[in-house]
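> Below: one structure in structure tokens.
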Amino acid sequence: MTAMILSWSVFLAQLMLALGMGCAIWRVARGPRAQDRVLALDTFYVLAAMLLLVFGIRTGSVVYFEAALVIALLGFVATAALSKFLMRGEVIE
Amino acid sequence: MTHAESLPGWAAILVSLLLLLGAGLGLVGAIGLLRLRNFYERVHAPTLGTTLGIGSILLASMLFFTVLQARPVLHEVLIGVFMVLTTPVTLMLLARAALYRDRREGSAEVPRSTTGEG
């Protein structure tokens, strides 16, 4: 019984996160400006890290945690570099 | 999910609640990203998912593996600390870049610079 509650809530959580990723992708596609797209990509990678953590709970393996950590690290660097690019027109001055 | 059969009931329910709360906050943040009107309103919405949402999913993961493996599993704290530290930095950089771009274009929607430079 409790295992069924857990598996249903894992499924619902995955569904909600996938819907959220869909919203973020829609904002990336529509814009209207570059900063909106960067913000949506930022949201997208955080939701992807959350989805990987939920996959880890679903499969009971700790490997997914490392993937989520790498996504969180690289996403921060990507957003910082992109906002630097929006401000100055180049990343490394 | 055969590995979850050995999980006690209270832990399963707590993990379920935390998962649904985290995923729901992430979804609300993403919908806010879609629905709000301009960039300066939209920049607030995703922080809901990136701090509180990922926080509660990390708590759920910590609780799940701690109870399942009968030893403290705490490495999720790493992602939590990292997210809480980096989210304000990235969004502040992004908002400053957007403000700079809007001022460069002479947009009427943003306040003028008081120091004379962009």
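> Please work out if B:Leu19 is touching a Cys at 6+ places or on another chain (Cβ under 9 Å), closer than 22 Å to A:Phe44 by Cα and modelled with pLDDT of 90 or more. Show your work before the answer.
Working: touching a Cys at 6+ places or on another chain (Cβ under 9 Å): no; closer than 22 Å to A:Phe44 by Cα: yes; modelled with pLDDT of 90 or more: yes.
No.
> Then there is this: Go through (1) modelled with pLDDT under 90; (2) within 12 Å of the chain's Cα centre (by Cα) and name the single condition A:Val91 misses.
For A:Val91, the failing item is (2).
> Could you please tell me which pairs satisfy a Cβ distance under 6 Å, a separation of 6+ or placement on different chains, a first residue in segment B:34-59 that is under 12 Å from B:Ile79 (Cα atoms), and a second residue that is surrounded by 19 or more Cβ atoms within 10 Å (Cβ to Cβ) and among the charged types (D, E, K, R)?
B:Leu58/B:Glu76
> Let me ask you something else. Is it fair to say A:Ala72 is facing chain B (nearest Cβ under 8 Å) and under 19 Å from B:Phe82 (Cβ atoms)? Break it down into steps so the answer makes sense when it comes.
Values: facing chain B (nearest Cβ under 8 Å): yes; under 19 Å from B:Phe82 (Cβ atoms): yes.
Considered against the rule, which asks whether it is facing chain B (nearest Cβ under 8 Å) and under 19 Å from B:Phe82 (Cβ atoms), A:Ala72 comes out as yes.
> Could you tell me how many of the residues in segment B:33-48 are part of a loop (DSSP other than H, G, I, E, B), open to solvent by 70 Å² or more (accessible area, probe 1.4 Å) and either modelled with pLDDT of 85 or more or hydroxyl-bearing (Ser, Thr, Tyr) (or both)? Full working, then the answer.
As a first pass, look at segment B:33-48 and keep what is part of a loop (DSSP other than H, G, I, E, B): B:36-38, B:43-45.
Checking the rest, the ones that are also open to solvent by 70 Å² or more (accessible area, probe 1.4 Å) come to B:37, B:44.
From the residues that got through so far, the ones that are either modelled with pLDDT of 85 or more or hydroxyl-bearing (Ser, Thr, Tyr) (or both) too are B:44.
Number satisfying all stated conditions: 1.
The values are calculated or read from the model by the stated rules, or taken from the named source; none is laboratory data. This is a predicted model, so every value here is computed, not measured. Cβ: placed from backbone, ideal geometry, glycine included. Neighbour counts: every protein chain shown. Ligands, DNA and RNA are excluded from the accessible area calculation, which covers all protein heavy atoms including side chains. Shrake-Rupley method; radii C 1.70, N 1.55, O 1.52, S 1.80 Å.
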